[in-house]
Amino acid sequence: MDLNNEKTESTKQESTKQEKAFSQKFSRRGFLKTSVGMGVGAAGAAMLGYDGIANAAEVVQHDSFPVEVSADYKQYDQKNQVIMRALMGDPAVKTSFETYFGKHNALIPINTGDGYGRLEEAMVAGAWGVEDGLNGYHAPGFASQGLYEWKPSQVSGKVNPDKYTFENPEAASQAVKRAAKFFGASLVGIAPYDERWVLSHVFDMQKLDSVPNEFPFKPTNVIVMAIEMDYQAFEAAPTALELVATGNIYSNMGVLVNKVSHFIRSLGYQTIPCGNDTALSVPLAIHAGLGELSRIGILITPEFGPRQRLCKIFTDLPLAVDKPITFGVTEFCKTCRKCADACPSQAISHDKEPSFKTITISTNGGAKKWACNAEKCLKQWADAGTDCGICIKVCPYNKPNEWHHDLVKLGTKTPARPILRFFDDLFGYGKATVPDAVKEFWKK
């Protein structure tokens, strides 16, 4: 008998019991019921002036683009995007995409277990119905497809020749934002037209190669819209429920940009509705004042953290533009690294500082950021059979819209930023087990 092993096992069991008791004592709800928690909560609510947006107190507006861009920055060629590379037969990514796409379309058996059951499978079919049906799987970035139509042959005669004149650009922006939110946008911002963020070339499925990205008119502005994705579904990432949340918004994006485009065309102005195609969504969203760039490489907004999808509309309608904002995301990301630690394929950088470093040919160089390894990311998509979403799930900015969750988000802006990840972990954010998350999803 190995007494040392017995003692070690006994010590582990006791340690586990103590950790469990500590976790229960200082759970999210338990903490808030204590006098300390109530005091912190009251102070936090007062600091919030509670309006449901944790970071409003320290949002800073900028007159120029807040991300450093090199003088030799070159527009991105879409053929370098990881899925387009796979479609061209690049061996580094071809198998990963074929596996992911096969699972996505139920051509390859998807994973089994919690979150991959018959109900979840049916939800995937429903969520992606518009995107995969009407839009013909536009998600990777195929321009002017389905509800995103804008090529002259598709929209001929659909722009009202009787042009409506607004009192001023501010009035036009107000009307467009009201329409966009009515049609389903969670957030709306207006960016100036900046050719840097327009793709130099777009991928042609017939030629399986790039062709010049040509617009039928000269845009003046870009309307950038974000749609919130479901929090409970992302708690079950990387299972099929994550794919449900993603597909649902991809389907809604097509409907949203189509409606807003019809609204603007009816007023006599031209539009180019886009999802992931035609131009880079994240820098446009930053330019439109919706949020900041993150370590994950996607947008963080004050309202939803990283949990939204982006779509945009180029137009020649004169609009008043919004100013870019910062609210401490870059500084917080420098010390947090929670997404990088949680990424199963280690696709997210652990570097402390953002840089101009490129990781693969898919990296859009020339902007100072944390570059992600798209090849490793796609491999994880193939393994999960979904768009994964673990990085979004664990991000401390990813909280539902409740005041005590906003209090945690508010803390990301304090001098105590480095300990915020500790409390985020302690309270269990992003750590819900898949079985529990799946049960919680279906109880809502």
Ala175 being within 30 Å of Pro302 (Cβ to Cβ), open to solvent by less than 50 Å² (accessible area, probe 1.4 Å) and free of Cβ contacts under 8 Å to residues at least 24 places away in the same chain: yes
Condition (residue is open to solvent by less than 20 Å² (accessible area, probe 1.4 Å) and in a strand (DSSP E or B)) applied to the stretch 227-243: is it met by at least one residue? yes
Return only the number of the condition from (1) out of contact with any His (no Cβ under 7 Å at 6 or more places or on another chain); (2) assigned to a helix (DSSP H, G or I); (3) surrounded by 14 or more Cβ atoms within 10 Å (Cβ to Cβ) that Ile110 does not satisfy. (2)
Within the stretch 113-124, track down each residue that is surrounded by fewer than 19 Cβ atoms within 10 Å (Cβ to Cβ) and either in a loop (DSSP other than H, G, I, E, B) or in contact with a Gly (Cβ under 9 Å, 6 or more places away or on another chain) (or both). Gly113, Asp114, Gly117
Of all helices (runs of 4 or more DSSP H) completely enclosed by the stretch 337-444, which ones contain at least 3 residues that are at pLDDT 90 or above? 338-342, 374-384, 390-394, 434-443
Regarding Ser200, is this residue open to solvent by less than 60 Å² (accessible area, probe 1.4 Å) and in contact with a Lys or Arg (Cβ under 8 Å, 6 or more places away or on another chain)? yes
Being farther than 30 Å from Val244 by Cβ and at pLDDT below 95 is the filter; apply it to the stretch 306-333 and report the residue that is surrounded by the fewest Cβ atoms within 10 Å (Cβ to Cβ). Glu331
If you scan the stretch 195-213, which residues turn out to be among the β-branched types (Val, Ile, Thr) and in contact (Cβ under 8 Å) with a residue 60 or more places away in the chain? Val198, Val202
Within the stretch 148-172, track down each residue that is surrounded by fewer than 21 Cβ atoms within 10 Å (Cβ to Cβ) and closer than 30 Å to Glu242 by Cβ. Glu149
Top-ranked residue in the stretch 252-291 [being in contact with a Gly (Cβ under 6 Å, 6 or more places away or on another chain) and in a loop (DSSP other than H, G, I, E, B); ranked as most open to solvent (accessible area, probe 1.4 Å)]: Asn276
Out of Lys103, Lys79, Lys74, which single residue is closer than 30 Å to Phe356 by Cβ and surrounded by 14 or more Cβ atoms within 10 Å (Cβ to Cβ)? Lys79
Quickly run through the stretch 204-226 and pick out the residues that are in a loop (DSSP other than H, G, I, E, B) and at pLDDT 95 or above. Asn213, Glu214, Phe215, Pro216, Phe217, Lys218, Pro219, Thr220
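The values are calculated or read from the model by the stated rules, or taken from the named source; none is laboratory data. Since this is a predicted model, take the numbers as computed values, not measurements. Counting neighbours? That spans all protein chains shown, and the Cβs are built from the backbone with ideal geometry, glycine included. What goes into the accessible areas is simple: the full protein's heavy atoms, side chains included, and nothing from ligands, DNA or RNA. Shrake-Rupley method; radii C 1.70, N 1.55, O 1.52, S 1.80 Å.
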